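Structure record follows, encoded as structure tokens.
Any read-out appearing in this document is the output of simple, stated calculations on the displayed coordinates, not a laboratory observation. As the structure is a computational prediction, the values presented were derived from the model and not from experiment. Counting neighbours? That spans all protein chains shown, and the Cβs are built from the backbone with ideal geometry, glycine included.
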Amino acid sequence: MMLLEMAATAMGDRVAVGPSGSGITCDDLMGRAAGLAGRLRASRSERLLLCGEPGAVLPVSLFGAAWGGAAYVPVNYRLGDDDLRALAERASPALAVADSDGAARLAGVDGLEIVERDGLLADPSGGAETADPGDWPADPDATAVLLYTSGTSGPPKAAVLRHRHLVSYVFSTVEFASAGPDEAHIMAVPPYHVASVAAQLSQVYSGRRIVPLAKFDPEAWIDLVRDEDVTHAMLVPTMLARIVDALDRRGETLETVRFVSYGGGKSHRTVVERALEVFPAAGFSHAYGLTETSSTVCVMGPDDHRRWAASDDPDERARLSSAGRPLPGVEVSVRSPDGTTAGTGTAGEIWVRGEQVAGEYADGGSQLNEDGWFCTRDSGHLDEAGYLWVHGRNDDIIIRGGENMSPGEIEDALLTHPAVVDAAAFGVPSREWGEEVAVCVVARSPIPTADDLRELVRARLRSSRVPARIEFVDDLPYNDTGKLLRRELRSRHAADPGSQVD
Amino acid sequence: MVELRPGARFQSTVCATEVIVVKGTGPTELTCGGEPMVPAGSAERAGEPSADASEGTLLGKRYGDGDETVEVLCTKAGEGSLALAGVAMAVKVTKPLPASD
């Protein structure tokens, strides 16, 4: 609430969210948050469950929850009915803010008071007494947000982000009121992604108008950018790839966009290189972070992008695939399995430490070690210039004959082939080796042969990394926040006896 | 003396100024308007800033000491000015950060 109060004090008339002419101003956002806070207090709700698409209701709910002393809990509305209701049961007792479809699907969950999105925007307090300005809980240790992690490696866990983590993130990454009055940020990531929470806070604090896009579709995104003169965007890599494709198809470029940040999954250098062309006026940032770390911990900014994209040195140019360097106030260390710091260029587990690093789950408590370090369970390495390279999830590590190999480095090698559009590497059971490398490859014409690709991996890495099994596919399975579902590929191949590699 | 730690919030006792600590730890003599600052919400305002410490604070600005060990951010502006162990704190001119979202 401190962030919104500051924004309203300095920029009360500025539109915080919505169209430039008719959107909700910072003052108006304060008023609605006060109403919602009153409603939450009257119903003694400790959580606000949000079930729906990006819209003006998000910042109203996020700040209203903070004011009312409730945790903001955005849930994945794309889940099946049973999973959605199970999550809602875990979160109740709560006030649920949902679109009409979500309201119908959540109806009858014990301890859930449901209010429809449009009704909430029209009448935030719902007849309760509106909270007074300044009368909000100031406890930095209170839970601000509960986010269910994407669960690519198991059932979703509820990550706990406290006010002090989010406030620290904003203070170390954003300058107050730094946005020009014409700046606008298109918000297309789903509300249940940590980037949505971080983006709302950052935009409000910097004074940049939020333009929500309810349903992501590359054409709708491009049209909204044009209609609203959008200057800033945050995207997950799969969205960026689809937008670049759509712009290529239309033979268009987007000149109004000054800044694009992308992250939250593996991005491919070829997409980034094409993106630099279709957003001719934009600076690019590649952000790496986790839900548990209040989003971004490492960033490769616009200067780096320009520098590495223009370099003739292949090693420097390859740095476009890195995650950049740690944010101010964040430390990153790569460690070997025995806990010692891995040397430059040596792969290990990525650990992070900093005021924004929460590293806590609702049912599992704090995961920080005694020195405050959090193990991301991602593998990667730091290069000689201090750039972090993220190879992938540790759970995805392929162990072949006792040798650990990360899918990321095999994928990176495959992606250096000009015809390879996308690639996923994963382990399949092998009697001889324990696990063997399998890859699924999306290629465009002229499609390379499997032997071409094996030779490429052998030349760039080493023979143990050469895929035993190569499958050409039309596309790879991603979830809606851009995470590759390696588990799906693995189980599909494990279930198929033909894929047993000996 | 107040105990600094990142995230800790302090208020002036002689004007409306409030700050949050961004950087710095340990016991420190943090003053605003010439009077020691206290934990936010712990005191009512009484009196006026002293004449030699009344240049005011600016909302959202970062203030630091000369050797960059302490940084506070102004979350509410006031008429007093900030000092650390008797030395006026200056507005930090920060280089723009690459936005990450």
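Things worth noting here:
- Taking amide H positions as modeled 1.01 Å from N, with prolines and chain starts lacking one, the residues under 5 Å from A:Val297 and 5 or more places away or on another chain are A:Tyr288, A:Gly289, A:Leu290.
- Selection of GluC sites (Glu not before Pro), segment A:255-338, meeting DSSP coil and at most 15 other Cβ within 10 Å: A:Glu255
- Cβ-based exposure ranking for A:Leu36, A:Leu415, in which fewest neighbours within 10 Å come first: A:Leu415, A:Leu36
- For segment A:1-163, share of DSSP beta bridges that run antiparallel, in % to the nearest 5: 35
- In terms of its C-alpha gyration tensor, segment A:125-185 comes out oblate, because a/c is 1.5 or above while a/b does not outweigh b/c.
- Shape category assigned to chain A from the gyration tensor of Cα positions, a/c cut at 1.5: prolate
- Sparsely packed loop sites in segment B:32-101 (the GluC sites (Glu not before Pro) outside DSSP H, G, I, E and B with at most 10 other Cβ atoms within 10 Å) comprise B:Glu44, B:Glu68.
- In segment A:274-352 the Cα-Cα distances spread across 5 Å bins starting at 0 as 3, 14, 20, 20, 20, 13, 8, 3, 1, 0 percent of all pairs.
- Considering only alpha-carbon pairs that sit under 8 angstrom and 6 or more positions apart, the relative contact order computed for segment A:24-130 is 35 percent.
- Residue order, fewest to most surrounding Cβ atoms within 10 angstrom, among A:His165, A:His268: A:His268, A:His165
- Euclidean distance of C-alpha centroids, segment A:69-99 and segment A:247-299, integer Å: 30
- C-alpha center-to-center spacing [segment A:110-180, segment A:325-348] in angstrom: 32
- Dipole-positive endmost among B:Ala40, A:Gly180, A:Pro302 within the protein assembly as shown (Cβ charges, Cα centre): A:Pro302
- Neighbour-limited loop hits for trypsin sites (Lys or Arg not before Pro), segment B:9-53 (at most 11 other Cβ within 10 Å; DSSP other than H, G, I, E, B): none
- Dividing the mean sequence gap of close Cα pairs (under 8 Å, 6+ apart) by how many residues chain A holds gives a relative contact order of 10 percent.
- Taking trypsin sites (Lys or Arg not before Pro) as exposed when DSSP calls them loop and at most 13 other C-beta atoms lie within 10 angstrom, chain A has its longest site-free stretch at A:216-430.
- Greater than 20 Å apart at Cα, pairs in A:Lys157/A:Lys215; A:Lys215/A:Lys266; B:Lys23/B:Lys76; A:Lys157/A:Lys266: A:Lys157/A:Lys215; A:Lys215/A:Lys266; A:Lys157/A:Lys266
- Each of A:Met300, B:Met89 was scored by other Cβ atoms within 10 Å of its Cβ. Listed from fewest to most, they are B:Met89, A:Met300.
- Alpha-carbon centroids, segment A:191-205 and segment B:34-101: separation in whole Å: 27
- Amide H to amide H, with H built 1.01 Å from N, A:Ala423 comes under 5 Å of A:Val442, counting only residues 5 or more places away or on other chains.
- For chain A, the longest principal axis of the Cα atoms and the long axis of helix A:237-250 meet at an angle of about 90 degrees.
- Residues whose placed amide H lies under 5 Å from that of A:Ala16, excluding near-sequence neighbours: A:Ile24, A:Thr25, A:Cys26
- Using the Stokes-Einstein relation with a Kirkwood hydrodynamic radius computed over Cα pairs, the translational diffusion coefficient of segment A:106-229 at 10 °C and a viscosity of 1.306 mPa s comes to 90 µm²/s.
- Cα gyration tensor, segment A:160-238 - rounded (a/c under 1.5), prolate or oblate: oblate
- Take every DSSP beta bridge whose two residues both sit in the protein assembly as shown; close to 65 percent of them are antiparallel.
- For segment B:2-91, the equivalent ellipsoid derived from the alpha-carbon gyration tensor has semi-axes of 17, 14, 12 Å in decreasing order.
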